[in-house]
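Asker: Just dropping this structure here.
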Amino acid sequence: MLYWIFKWSLFVPVVRLAFRPHVTGEDNIPDSGPAVVACNHTSMAETLLLPAMIRRRLTFPVKAELFVGGGGIGKSIVAWFLAHVGQVPMDRAGGRASATSMDSVLNVLRDGRLLGIFPEGTRSPDGRLYKGKTGVARLVLRAEVPVIPVGFINTVWVRTRPFGIPWIKRPAINIGEPVDFDRYASAAGDRHVLRYVTDEIMAAVQEQSGQEYVDAYAASVKAAAVDGRDLPSAIVRSRPGLGRPVPPVPGPAADPGPATPTADVSA
């Protein structure tokens, strides 16, 4: 209930009147049924923009630490807000805690709802699209749900003149057609399948965002920058998964589908 109160009384007016985002492809979001909404990630504003601009409720997995109050009034307010608008805590420490939180995330899809995911795992350090983590593929294959690719454009905060107030100038949200990977559901434990599905999801996101793609994890690039190191694996490619073979579809009547392009046009 609080989700809708906050949405219509606060976030929709602020987002639509102040930022005036342009949305294309909203009809690609089904009126009902579960789906994973996979997005690029350049700004925290994206977690507000998309829920405010689509008809259906959208749930994001949020790092579990933010659900723990204490350490100041601000943290307590954030923890209260996240819990009461139905966001899902995601423990990334590994082990039993991570497995339990994964079940909570899966339950969002099992309940027929929309789940928002940023497959890069962190914000882009420079506005480019980075390699997706395979957790999104695990979710999609285990829940057997479609993926709706979303590309955000112009969502980075900029300081306006003359007061220097952070603002977003006419962001765009491009929503692509759903992509289905059910044919690989029985191979959800195969690392080659997980990598392929993740790359195809990221390629669909890239089609909507128009970003340059870097075949490296954003977190690794950030860590290397902090340490003052170059990251040799940070190679610019035309699309995710370039040159990787398409894994065979499980089953006697396997149809591998279209092959991933193999011509390397790296910049």
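No lab work stands behind these numbers, since they all come straight from the coordinates. Everything numeric in this text was worked out from a predicted model, so none of it was measured. Heads up, the Cβs are rebuilt from the backbone with ideal geometry, glycines too, and the neighbour counts pull from every protein chain shown.
Asker: Students often forget the sequence filter, so: which lysines lie under 20 Å Cα-Cα from LYS75 once same-chain residues fewer than 8 apart are removed?
Answerer: The qualifying lysines are LYS63.
Asker: Using every pair of alpha-carbon atoms in the chain, split the distances into 10 Å bins beginning at 0 and state the percent of pairs per bin, rounded to integers.
Answerer: 6, 27, 37, 23, 6, 1, 0
Asker: Let me ask you something else. Once you've got the GNM for the chain with C-alpha springs shorter than 10 Å, pick whichever of ASP182, ASP199, ASP31 has the biggest mean-square fluctuation.
Answerer: Per the Cα network of the chain with a 10 Å cutoff, ASP31 tops the list.
Asker: For the stretch 120-243, I need the span (max minus min coordinate) of the C-alpha atoms along each principal axis, in Å, sorted largest to smallest.
Answerer: That gives 57, 35, 23 Å along the principal axes, largest extent first.
Asker: Another question, if that's okay. For the chain, which DSSP H helices look membrane-span-like by this rule: Cα extent along the axis of 15 Å or more and mean Kyte-Doolittle of at least 1.0?
Answerer: Values: long enough: 73-84 (16 Å, 1.18); 95-110 (22 Å, 0.13); 191-209 (27 Å, -0.32).
Going by DSSP H runs, the hits are 73-84.
Asker: When we measure straight from the Cα of LYS169, which aspartates and glutamates land under 20 angstrom away, once same-chain ones fewer than 8 places off are left out?
Answerer: Once the sequence-local aspartates and glutamates are set aside, what remains near LYS169 is GLU46, ASP126.
Asker: Extent of the stretch 1-87 along each principal axis, from alpha carbon coordinates, in Å, largest to smallest?
Answerer: Result for the stretch 1-87: principal-axis Cα extents of 42, 30, 29 Å.
Asker: May I ask you to derive the FRET efficiency for TRP4 and ALA223 from their Cβ-Cβ distance with R0 = 35 Å, giving the value to the nearest 0.05? Don't skip to the answer; put the middle values down first.
Answerer: Numbers: r = 39 Å, r/R0 = 1.12.
For TRP4 and ALA223, the calculated efficiency is 0.35.
Asker: For VAL78 and ARG20 in one chain, what is 0.36 nm times their gap in residues minus the Cα-Cα distance, to one decimal in nm?
Answerer: Working: separation 58, 0.36 × 58 = 20.88 nm, distance 2.53 nm.
Length difference between fully extended and current span is 18.4 nm.
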